[in-house]
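The structure appears right after this line, and notes come after that.
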Amino acid sequence: MSRRTISHEEGAIYEFTPELEPIATVESGEKLTIDTRDSLDGAVQSDSDVIEAVPDEVNAATGPIEVAGAKPGDVLRVDIEDIRLTEEHGRVISIEGFGLLAGYEGIEAPKTRVTPVEDGSLSFEGIDADIPVDPLIGTIGVATESETHTTLVPHNHGGNLDTTDLAAGNTVYLPVFQEGAMLAMGDCKAAMADGEMCGTGAEIGTDIDITVEVLSEPETELERPLIETPDAWKPLANAETLEEACELANRDALELLAAEHDISTTDAYLFSSLVGGLEISQVVDPLVTVRNSIPKEYLSSPF
């Protein structure tokens with residue numbers, strides 16, 4: 001099957017809503033290349049370009065893309081096959097009042113560091129070290145169930161998840177809340193650490209190769225995004241506090257374990273404390289995102 005390209009020039013959104021109009025319609029099983037622009041819409045090209053405040057429109061997500069046949073209660077499977085950089089530099093910035101250490105003495109904001117890309121590495125002025133290019137998708141989601149969330153915010157629909165596992169070779173599963181799912185994505189990074197502490201990674205434009213598939217009437221009812229890596233299943237949860245996000249991610253994990261092994265919720269809770277692993281995705285968006293990694297030797301496919 002040939003691969004279809006969908007460009008941000010055809011359309012991009014800054015809000016996930018229940019009522020999204022598609023820029024394209026694709027079939028379940030179709031292979032796509034999604035062209036994205038950097039999260040700051042090209043406003044930062046040098047160290048002298050700074051962002052005084054979080055823009056009203058940020059993290060442009062290419063789409064929405066209607067996936068034919070998707071209906072509420074289904075699950076949208078998105079296989080991330082490749083992420084290619086389309087620019088020769090990324091940009092990492094600080095913004096006054098935004099980020100983990102906003103207002104902390106000694107932190108200069110606004111400030112920009114452009115990160116040139118060469119031979120598979122990023123460089124950072126003043127530090128004699130190469131940072132490996134390791135691209136990821138920052139924002140990916142579907143139409144929401146009832147509320148409107150900007151592309152700065154993560155929630156049950158996905159959105160600004162900023163999770164390092166949203167990378168080539170992995171799969172993200174998203175709950176479908178509206179007819180056609182209405183998939184959109186963007187806000188990619190050439191590299192980013194877990195936590196995204198300053199509020200950005202190395203923001204950059206990309207081409208993303210994906211395959212989309214509708215899982216109709218799945219055995220597992222999905223409330224929130226779920227990531228599959230070659231070695232693990234990782235429920236994702238978003239909340240106002242780190243503790244709340246950890247609780248949700250743990251709850252989702254133990255429900256999967258209880259169903260897999262036909263054990264009580266309590267036993268699954270105890271077992272999760274032996275084999276699960278909480279991982280911080282981001283702490284700045286403004287909800288925080290946590291994932292709980294369950295090795296596949298303890299959990300086969302939930303679907």
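The values are calculated or read from the model by the stated rules, or taken from the named source; none is laboratory data. Note that the structure is a prediction, hence the values are computed from the model and not measured. Virtual Cβ from ideal backbone geometry, glycine too; neighbours counted across all protein chains shown. Quick note on the areas: whole protein, heavy atoms, side chains included, nothing else; ligands and nucleic acids left out. Shrake-Rupley method; radii C 1.70, N 1.55, O 1.52, S 1.80 Å.
Here are some notes:
- FRET efficiency, L101 to E297 (Cβ-Cβ, R0 41 Å, nearest 0.05): 0.60
- Modelled FRET efficiency - R0 22 Å, E10 with V54, Cβ distances, 0.05 increments: 0.30
- From the coordinates shown, P(r) over Cα pairs in 20 Å bins from 0, in percent corresponds to which of (i) 31, 52, 14, 3, 0; (ii) 32, 56, 12, 0; (iii) 35, 57, 8: (iii)
- Under Karplus coefficients 6.51, -1.76 and 1.60, residue-wise ³J(HN,Hα) of the range 218-233 in Hz, glycine/proline x: x, 5, 9, 7, 9, 9, 9, x, 9, 10, 10, 10, x, 10, 8, 10
- Around the amide H of L136, modelled in the peptide plane, lie the amide H atoms of K189, all under 5 Å away and 5 or more residues distant in sequence or on another chain.
- Segments 267-273, 32-38 sorted - mean Cβ within 10 Å per residue, highest first: 32-38, 267-273
- The angle separating the long axis of helix 265-275 from the principal Cα axis of greatest extent in the chain is about 40 degrees.
- Mean Cβ count within 10 Å, highest first, over the residues of peptides 125-135, 274-284: 274-284, 125-135
- If you take all other residues with their beta carbon under 11 Å from the beta carbon of T171, and give Lys and Arg +1 and Asp and Glu -1, the sum is -3.
- Based on protein heavy atoms only, the chain ends up with 44 Å² per residue of surface accessible to a 1.4 Å probe.
- Three-way shape call for the range 149-195 based on the alpha-carbon gyration tensor, with the a/c threshold at 1.5: prolate
- Dipole moment magnitude, nearest 20 debye, the range 18-92 about Cα centre, only Lys, Arg, Asp, Glu C-beta charged: 280
- Portion, in percent, of the accessible area of the range 40-115 that falls on carbon or sulfur, probe 1.4 Å: 47
- Full extension of the chain between S273 and Q45 gives 77.5 nm of extra length, using 0.36 nm per residue less the Cα-Cα distance.
- On Cα atoms only, tilt of 242-261 relative to the major axis of the chain in degrees: 30
- Calculated FRET efficiency for the pair A193/S264, C-beta based, R₀ 25 Å, to 0.05: 0.10
- Whether the range 132-254 is rounded, prolate or oblate, judged on the alpha carbon gyration tensor where a/c under 1.5 counts as rounded: rounded
- Scanning residues 5 or more positions from G141 or on other chains, those with amide H under 5 Å from its amide H are G159, A184, with H placed 1.01 Å from N in the peptide plane.
- Three-way shape call for the range 49-156 based on the alpha-carbon gyration tensor, with the a/c threshold at 1.5: oblate
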